[in-house]
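**Q** One structure, pasted below without further comment.
The values are calculated or read from the model by the stated rules, or taken from the named source; none is laboratory data. As the structure is a computational prediction, the values presented were derived from the model and not from experiment. Heads up, the Cβs are rebuilt from the backbone with ideal geometry, glycines too, and the neighbour counts pull from every protein chain shown. What goes into the accessible areas is simple: the full protein's heavy atoms, side chains included, and nothing from ligands, DNA or RNA. Shrake-Rupley method; radii C 1.70, N 1.55, O 1.52, S 1.80 Å.
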Amino acid sequence: DWSSDVCSSDLFQRDWDVLLDGDILYKSLYLYCKNLLTYNIRPYGLAIGTHDGEFGEWVPCVLDFITDVTLVEASYKQFQKLKLNYQGFQNVTLKHELITTDGKPVEFFEGGRGYTNSVVENVIRNWEIEEISKTLRSSTSINDLIKNTPQGKIDWLHLDVEGYDVDLLLSINSENLPNLIIFENNNISDEVKLTINNYLESKGYSLFHEPVSTLALK
C-alpha cells in the first residue's frame, strides 16, 4: 500500500524561515532592518531581557547579521548561556546588567534556574514554581543604556522583562525612542495596556497586538 509508506515518512524538510513562518513581529523587525541596509544605514538595536538568546523576534536579525545589537540579561545563569550562544558574533555587544527606569538599586527576584526573573515580585510568583531568591541589585537606567550605545541612539528596541516593560517604555526620554519597539503585553492589567497604547499612539506609533507581545512602529 503506497499511501501508508508516504504517510510514515517525511516528504521534505526545510529550515524555519522568518519571512515564511514568522508572525508580524518577526517579519516587521526583520524587514525593518533589511530596509535600513538598502539605504546604507546599519541598524542598531537593543534587546533587554534576552534570557539565553535562543528565542525572540530579534534573533533572526542577529544571526543573519543584518543589525548590530546590545543584548542585556540580568540573570547570571542565563547570561552565561547567552555568552556561549553568541561568542564570536562581531555584531553583538553583551551586557550583564539590570535595567530600570532610574538606575537606582532595586530588589531583583529570580527563580532557581534564573530563567524567570523580574523586579516585579507578583509576576515571578505567578509564573515560577521553584524557590525564588531576592537580592538587592544595582541597576542601569534605560536612558543611560541607550545613551552609551555606539551612536548614542537606537533604531529598534525589544523588551521582555516580565511585567516591567511598560515602566521602562514610559521612562524613556522622547528623543531616545526608536522607530520600532516590541514589548510584552501579557503581564499587565487592562488599565496599564490602555495607558501604554494611548501613550505610544500619541508619539506617532501604529500598534499591532499579538497574544503575548505588541509591535509599535512609526
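**Q** Name the pairs: first residue in segment 26-37 and free of Cβ contacts under 8 Å to residues at least 24 places away in the same chain, second residue among the β-branched types (Val, Ile, Thr) and assigned to a helix (DSSP H, G or I), Cβ to Cβ under 9 Å, at least 6 apart or on different chains?
**A** Every condition considered, the pairs that remain are LYS27/VAL18.
**Q** While we're here: Which residue out of ILE41, ILE66 is β-branched (Val, Ile, Thr), at pLDDT 95 or above and either open to solvent by 60 Å² or more (accessible area, probe 1.4 Å) or not in a loop (DSSP other than H, G, I, E, B) (or both)?
**A** The match here is ILE41.
**Q** A further question follows. How many residues are assigned to a helix (DSSP H, G or I) and surrounded by fewer than 19 Cβ atoms within 10 Å (Cβ to Cβ) if we restrict to segment 177-218?
**A** Matching residues across segment 177-218 total 11.
**Q** Next up: Just a yes or no: is a residue in segment 94-102 surrounded by fewer than 16 Cβ atoms within 10 Å (Cβ to Cβ), in a strand (DSSP E or B) and of a type in the set (Asp, Glu)?
**A** Looking through segment 94-102, none of the residues is surrounded by fewer than 16 Cβ atoms within 10 Å (Cβ to Cβ), in a strand (DSSP E or B) and of a type in the set (Asp, Glu).
**Q** Can you name the residue in segment 44-63 that is open to solvent by 30 Å² or more (accessible area, probe 1.4 Å) and within 12 Å of the chain's Cα centre (by Cα) and is also nearest to HIS209 (Cα to Cα) among such residues?
**A** Filtering first and then ranking leaves PHE55.
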